[in-house]
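Structure first, then comments.
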Protein chains: 4
Amino acid sequence: MVRYSMIGAASNAGGELFRMMLNHPETKLMHVADGFAHGQRLLDTFPALNGFNEYDLVIEDVDDASVEKLLSDTDVLFLAVDAGTVSDYAEKALAKGVKVIDFGADMRFRDAKVWEEWYKVKHKNHEMSKNAVYSIPEIWRDKAKNANLIANPGCYPTATTLGLYPLLKTGAVVKDTIIVNTISGTTGAGRRPVFQNLYTEMENNFRAYGVATHRHTPEIEQNIETITGVKHIINFQPHLAPMARGIHATIYCTVNRDFTNEELYDLYQAQYKDEPFVRVHPASQLPNTKWTAASNFCDMAATYDPRTHRVIICSVIDNIGKGAAGQAIQNMNIIMGLPETMGIYMPPTAP
Amino acid sequence: MVRYSMIGAASNAGGELFRMMLNHPETKLMHVADGFAHGQRLLDTFPALNGFNEYDLVIEDVDDASVEKLLSDTDVLFLAVDAGTVSDYAEKALAKGVKVIDFGADMRFRDAKVWEEWYKVKHKNHEMSKNAVYSIPEIWRDKAKNANLIANPGCYPTATTLGLYPLLKTGAVVKDTIIVNTISGTTGAGRRPVFQNLYTEMENNFRAYGVATHRHTPEIEQNIETITGVKHIINFQPHLAPMARGIHATIYCTVNRDFTNEELYDLYQAQYKDEPFVRVHPASQLPNTKWTAASNFCDMAATYDPRTHRVIICSVIDNIGKGAAGQAIQNMNIIMGLPETMGIYMPPTAP
Amino acid sequence: MVRYSMIGAASNAGGELFRMMLNHPETKLMHVADGFAHGQRLLDTFPALNGFNEYDLVIEDVDDASVEKLLSDTDVLFLAVDAGTVSDYAEKALAKGVKVIDFGADMRFRDAKVWEEWYKVKHKNHEMSKNAVYSIPEIWRDKAKNANLIANPGCYPTATTLGLYPLLKTGAVVKDTIIVNTISGTTGAGRRPVFQNLYTEMENNFRAYGVATHRHTPEIEQNIETITGVKHIINFQPHLAPMARGIHATIYCTVNRDFTNEELYDLYQAQYKDEPFVRVHPASQLPNTKWTAASNFCDMAATYDPRTHRVIICSVIDNIGKGAAGQAIQNMNIIMGLPETMGIYMPPTAP
Amino acid sequence: MVRYSMIGAASNAGGELFRMMLNHPETKLMHVADGFAHGQRLLDTFPALNGFNEYDLVIEDVDDASVEKLLSDTDVLFLAVDAGTVSDYAEKALAKGVKVIDFGADMRFRDAKVWEEWYKVKHKNHEMSKNAVYSIPEIWRDKAKNANLIANPGCYPTATTLGLYPLLKTGAVVKDTIIVNTISGTTGAGRRPVFQNLYTEMENNFRAYGVATHRHTPEIEQNIETITGVKHIINFQPHLAPMARGIHATIYCTVNRDFTNEELYDLYQAQYKDEPFVRVHPASQLPNTKWTAASNFCDMAATYDPRTHRVIICSVIDNIGKGAAGQAIQNMNIIMGLPETMGIYMPPTAP
């Protein structure tokens, strides 16, 4: 039985983690803490979870004493905290032999200076960032196996990197030609009450944000470089769509040779046929975000455009499923030696 | 291991049944049949279920030979077929010792003449209807235990009857004063492509339907009579809301004595505190339909209005969860001697 | 040319008023003021109005000097301010001969004590409330003609009262049997960023609120009494639906004689056939809220249930159209001697 | 007074045209015809228009005699008919001196062979296509002035071409680097009841379609060539979003020199500052589709990414407003010598 706790529990990632963990036979929630919501009951924060009495917990504070207590009977600590504060908690946890899975970006960059540049915050522990394991399991599970500190990937980078991976490995993608156009549901915008995210404002509405400046850009670039050994400069452009869950990434890559759609399908199938959470579709069956709702799946299809010599990849996930909580549990299973699909091989809830 | 099959598989109830059953450790899907969709692959009908290879089945026809074959290795048959045709299939199944759970209304009425009057179809087997067990398990599970033929309740009657039950038992509800105002998500309107149910037409839209004529009216009246021994004539009024899943019932009852909200809360808690699928809230915490999304839960809260001497009960479910597939599995567990919560004690997917 | 100003401009009612007024040939916006949003540009508050340069105004403060200045060149003042503060502004305006149309409830009650009881605020000017004219023009336009102070009706009471009016006048409605079940879109919940009204929380969600306590209850009761001379005690129950605009009222009345649906249709047509903003439908064509989107229309249909001796009326409006800004302009036209439909006889925007 | 008629009236473009024309003081609807919906009342097809009695028309058939009669008292004919059938109607109309505005693509291509290749239909009148005037008025109004046959542009090409125009004119866009990623609301998918467009399927859902094959690709390419004199091969990729109205185009162009965002803003403002229907925003205020709902506006903002040397343009319209009916009326005003903004300078309906 894995005893787990979470700091930053009153987040959408937290809510989804707790929901999914109810399906996991080998875990037990020990503590929930949150800098903003402490003192609340967890079941009031997430009323849909009423009746699951193992979650009848009060959200704890994040001061030193509380964290000390929390770590004393925890095996795995999940973190969803402010940028720049991860190392504070992680240092304490690792010192006590508690493994850490971080939902944030603090530990995602081998070179913490890149992080500092895009996140505009001073990084307190460059060494820790260097040694953390960034794990999309379908690509980097071997590195994750012995990790004590997992940097759980961002939602957009997960959909994008899984979609790009087989094509990148062919070596056919021309340098600096990748454009990643994405949309996300509103759970990606968090639980803070912001005017622009009110139902009234977002229903029947669509908008871009973070043009040329979104922080997931360097994360995707790092992944491409890790896979290919070549530094690509990309455009990554997110948008907000009127839906609660789901990411759709449309990825454009110029390639240096011709493909057929069948060839692409075979290439992707060959890569992912044994992956339980990746479902490759032919170009004739483009994935719908709804096919992955509330699940850990990533669905994709690749198409070649002979007119422009570009491959167009559509890759979809649930942003708080495979894009956050699902992948975090997948990583937990890996580092704790449990079957990788345990608790998360659940069907999507469409419609 | 319970071997189950479904006729009428290409329905919203079917899709949800298959989704939920993936969480059930003691069942195996043997056959899927459908009068309209035969010849299609089940995974093309419900693409979100791709990857669950036990469902890689072709939808079969519903002619005699196909049904014969289907029944030969089936323990429990689920039916979601046209009004008036249930007894055809049920007779064959029961004759072979196959238990039947019907999603339709054919077998819900002790007196099939009431059914004929509201459904405008001739009933072929009044005796079968009389002997079928109508089972909302929280109220009638004892009768269900030895049943071979279960009439699975309608979605609106489930939310309504569970909401009314504790109050009705007090004897305080004045005859003929019950008004049931309900809304449903669009999955309740089925999968047939109808102009009025297009996204374009239904988004940002709300409308009533079936005023004074909806077929769930006599079903609710029968339930009230079964519970109280008194025939109440009610108004039941459904509406369609721009959401995929969810039923919200707002029930008004004139009562013959005063209550306090605390008294009502205690009354409801006393009734349901040991029920795993019913969650009673105080009047200060009105249930949201989203708290039950994709689950088998029913959430409710009762309030007393001293000005009008009416109790107002809000009762919510997922119409294809507790309102269809979830309750059908709950009934299957009962008739097959399995733990009643097996496979369906899953948390809702909010948000 | 009517010179108008608004205090409480940064509200949904304000935004809709300004949008509609662009279609009005005989008005000119002079000042906008708001206690919360002063200092902002009006076109930043309502970016959809960019390009309409007559609205390139800075939102003014609501201190005495600002209000003084605002009143100096204003003919009609619209108010959307906090409960209890209306008389402060209205006194100043009326003293200067500026006519006032108030969106709030302060002036809606002939007996301000009823207001105090439901709104839990002390009323500063009972006499003003007594003399204000509450005007749903289709019923009370004659009284409005010479008014200096209009209490613009609430959204729910507008849909409900128009729906009840022809039936009430028959004298057939049994005392204390009226139940009004309503739903509203989220614009009714205002522009304040509240967690429960985030897109993430409200999409695919439905919930009741204010059970037995909603402040529109006594307003509807006052209207019924004004029309019939009899005090009815009613239940009024609102709900929030996942849509931006629209109110659907489902009204149940026990009647003391039988009707046919045709008789009801004729009754309603007879009442409203010359009303430009009321559209009566037969029972076979129930109104959709979308048929009234962004307009000043009220659509309705009445049905008789011979089993229960109840008439069920479905009445729909746009809550910020006929339910707020549209009706306010209609009232302005009346008090300023302009054609009543001027500027607001616009078609709904469905789909 | 311009007497107009429409063939293909029972379409979303038709509904929006009729809605907008109610605001136009110089037009009168004479006839509505539709190959599928003839015999229906127009007000039953578009129930939101009830009460506007000038529209109390029966939809006529499209046989020769009906069309003959329709043309006899029509000044301008709007067409929304099947690909390949436009010239049949247009020939008859032009022969009688009736001007034609076509919503379809038949007449959009100077070279009808390009049309044949992408639309897979034989074109019956290449000469007519060559001579028709393709008119986005902000770019080609001078050509439109004397036209008898207007090819009204496609929705995606309108948003895209307006967004590209100022940048293309600088000559800075590198050949074959343009990628146009777009999303549309569901009104763009028409009124036919298709399973995939049901509310249940589309809510909370997002999907791409027509990868590398969408028919608006050559239309955009033709526009770019007309503007620049250079043939660019582009990627145009549409998606369907869960919203009824709105197009968002995100356009990526590699440029051969550096820009600043201020420079881009000035460039766009210089182009469009006198255009009543184009609203240019700075890069810090990205347009929302909702800002253009139910209007003839196009809102845009351009941003430069110095890392990738790409300009990213966000351009939004209402797909059935500026993308169809609004622009058609704008073109009608031009060819009939009326003020270009007449009837369509209406504010958007947000929220």
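The values are calculated or read from the model by the stated rules, or taken from the named source; none is laboratory data. These numbers were taken from a predicted model, which means no experiment stands behind them. Cβ atoms come from the backbone with ideal geometry, glycine included; neighbour counts cover every protein chain shown. Each accessible area value is taken on the protein alone, full model and side chains, heavy atoms only, with ligands, DNA and RNA left out. Shrake-Rupley method; radii C 1.70, N 1.55, O 1.52, S 1.80 Å.
How many residues, within segment B:253-292, are part of a helix (DSSP H, G or I), within 8 Å of another protein chain (Cβ to nearest Cβ) and touching a Pro at 6+ places or on another chain (Cβ under 9 Å)?
The qualifying residues number 3.
For segment C:51-77, which residues satisfy the criterion of being assigned to a loop (DSSP other than H, G, I, E, B), touching a residue at least 24 places away in the same chain (Cβ under 8 Å) and either on the phi > 0 side of the Ramachandran plot or among the hydrophobic types (A, V, I, L, M, F, W, C) (or both)?
C:Phe52, C:Leu57, C:Ile59, C:Val62 - these are the residues of segment C:51-77 that are assigned to a loop (DSSP other than H, G, I, E, B), touching a residue at least 24 places away in the same chain (Cβ under 8 Å) and either on the phi > 0 side of the Ramachandran plot or among the hydrophobic types (A, V, I, L, M, F, W, C) (or both).
On the given criteria, is C:Arg191 assigned to a loop (DSSP other than H, G, I, E, B), more than 25 Å from B:Thr177 (Cβ to Cβ), at the interface with chain B (Cβ under 7 Å from one of its Cβ atoms) and out of contact with any Pro (no Cβ under 6 Å at 6 or more places or on another chain)?
In short, no.
Matching residues to (1) closer than 30 Å to C:Lys273 by Cβ; (2) in contact with a strand residue (DSSP E or B) (Cβ under 7 Å, 6 or more places away or on another chain):
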| position | (1), (2) |
| --- | --- |
| C:Val100 | no, yes |
| C:Phe103 | yes, yes |
| C:Asp106 | no, no |
| C:Phe109 | no, no |
| C:Trp115 | no, no |
| C:Trp118 | no, no |
| C:His126 | no, no |
| C:Ser135 | yes, yes |
| C:Ile150 | yes, yes |
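Only one of C:Ala48, C:Ala13 is within 13 Å of chain D (Cβ to nearest Cβ), crowded, with 18+ Cβ neighbours inside 10 Å, touching a residue at least 40 places away in the same chain (Cβ under 8 Å) and in a helix (DSSP H, G or I). Can you tell me which?
One residue alone meets the criteria, C:Ala13.
I'd like the full set of residues that are touching a helix residue (DSSP H, G or I) at 6+ places or on another chain (Cβ under 8 Å) and either surrounded by fewer than 24 Cβ atoms within 10 Å (Cβ to Cβ) or part of a loop (DSSP other than H, G, I, E, B) (or both), limited to segment A:316-333.
The answer is A:Asp318, A:Asn319, A:Ile320.
Looking only at segment A:71-87, count every residue that is surrounded by fewer than 16 Cβ atoms within 10 Å (Cβ to Cβ) and of a type outside the set (Gly, Ala, Ser) and tell me the total.
Here the count works out to 2.
Can you confirm whether segment C:58-70 contains a residue that is under 30 Å from D:Met300 (Cβ atoms) and open to solvent by 10 Å² or more (accessible area, probe 1.4 Å)?
Yes, that holds for at least one residue.
Within segment D:317-349, can you find the residues that are polar (S, T, N, Q), within 12 Å of chain C (Cβ to nearest Cβ) and in contact with a Lys or Arg (Cβ under 9 Å, 6 or more places away or on another chain)?
Across segment D:317-349, the qualifying residues are D:Asn319, D:Thr349.
Quick check on B:Ala37: is it within 14 Å of chain A (Cβ to nearest Cβ), under 25 Å from A:Pro348 (Cα atoms) and modelled with pLDDT of 95 or more?
no
Out of A:Thr213, A:Thr308, A:Thr250, A:Thr303, report the one residue that is under 18 Å from D:Gly210 (Cα atoms), in a loop (DSSP other than H, G, I, E, B), at the interface with chain D (Cβ under 9 Å from one of its Cβ atoms) and modelled with pLDDT of 95 or more.
A:Thr308
Would you check if B:Asp142 is among the acidic types (Asp, Glu), open to solvent by 10 Å² or more (accessible area, probe 1.4 Å) and in contact (Cβ under 8 Å) with a residue 12 or more places away in the chain?
No.
Is it the case that C:Thr160 is within 9 Å of another protein chain (Cβ to nearest Cβ) and either of a type in the set (A, V, I, L, M, F, W, C) or open to solvent by less than 10 Å² (accessible area, probe 1.4 Å) (or both)?
no
Among the numbered criteria (1) buried (at least 21 other Cβ atoms within 10 Å of the Cβ); (2) over 30 Å from D:Thr349 (Cα atoms); (3) acidic (Asp, Glu), which one does B:Asp176 miss?
In the conditions (1) buried (at least 21 other Cβ atoms within 10 Å of the Cβ); (2) over 30 Å from D:Thr349 (Cα atoms); (3) acidic (Asp, Glu), B:Asp176 misses (1) alone.
Going through segment B:206-232 one residue at a time, which ones are under 20 Å from C:Pro242 (Cα atoms) and open to solvent by less than 20 Å² (accessible area, probe 1.4 Å)?
Within segment B:206-232, B:Phe206, B:Ala208 qualify.
For segment D:78-185, give me every one of the strands (runs of 3 or more DSSP E) that falls completely inside it and has 3 or more residues that are assigned by TED's automatic domain parsing to the domain that holds D:Leu264.
Counting at least 3 such residues, we get D:179-184.
Among the numbered criteria (1) among the hydrophobic types (A, V, I, L, M, F, W, C); (2) surrounded by fewer than 24 Cβ atoms within 10 Å (Cβ to Cβ); (3) in contact (Cβ under 8 Å) with a residue 60 or more places away in the chain; (4) out of contact with any Ser or Thr (no Cβ under 8 Å at 6 or more places or on another chain), which one does D:Phe195 miss?
Here D:Phe195 clears every test but (3).
Kindly evaluate D:Glu203 against the criterion of being within 9 Å of another protein chain (Cβ to nearest Cβ) and crowded, with 20+ Cβ neighbours inside 10 Å.
Spelling it out, D:Glu203 is indeed within 9 Å of another protein chain (Cβ to nearest Cβ) and crowded, with 20+ Cβ neighbours inside 10 Å.
Are any of the residues in segment B:214-224 under 30 Å from D:Val194 (Cβ atoms) and out of contact with any strand residue (DSSP E or B) (no Cβ under 8 Å at 6 or more places or on another chain)?
Yes.
Pairs only if they're at least six apart or on different chains, beta carbon under 7 angstrom, first in segment D:301-315 and open to solvent by less than 10 Å² (accessible area, probe 1.4 Å), second at pLDDT below 95 and not in a strand (DSSP E or B); list them, first residue then second.
Short answer, once both residue conditions are applied: none.
Taking segment B:16-41, which residues are part of a loop (DSSP other than H, G, I, E, B), closer than 22 Å to B:Ala93 by Cα and open to solvent by 20 Å² or more (accessible area, probe 1.4 Å)?
The answer is B:Glu26, B:Gly35, B:Phe36, B:His38.
So B:Gly229 ticks every box in (1) in contact (Cβ under 8 Å) with a residue 12 or more places away in the chain; (2) more than 7 Å from chain C (Cβ to nearest Cβ); (3) over 19 Å from the mean Cα position of the chain (by Cα) but one. Which box is left unticked?
(1) is the only condition that B:Gly229 fails.
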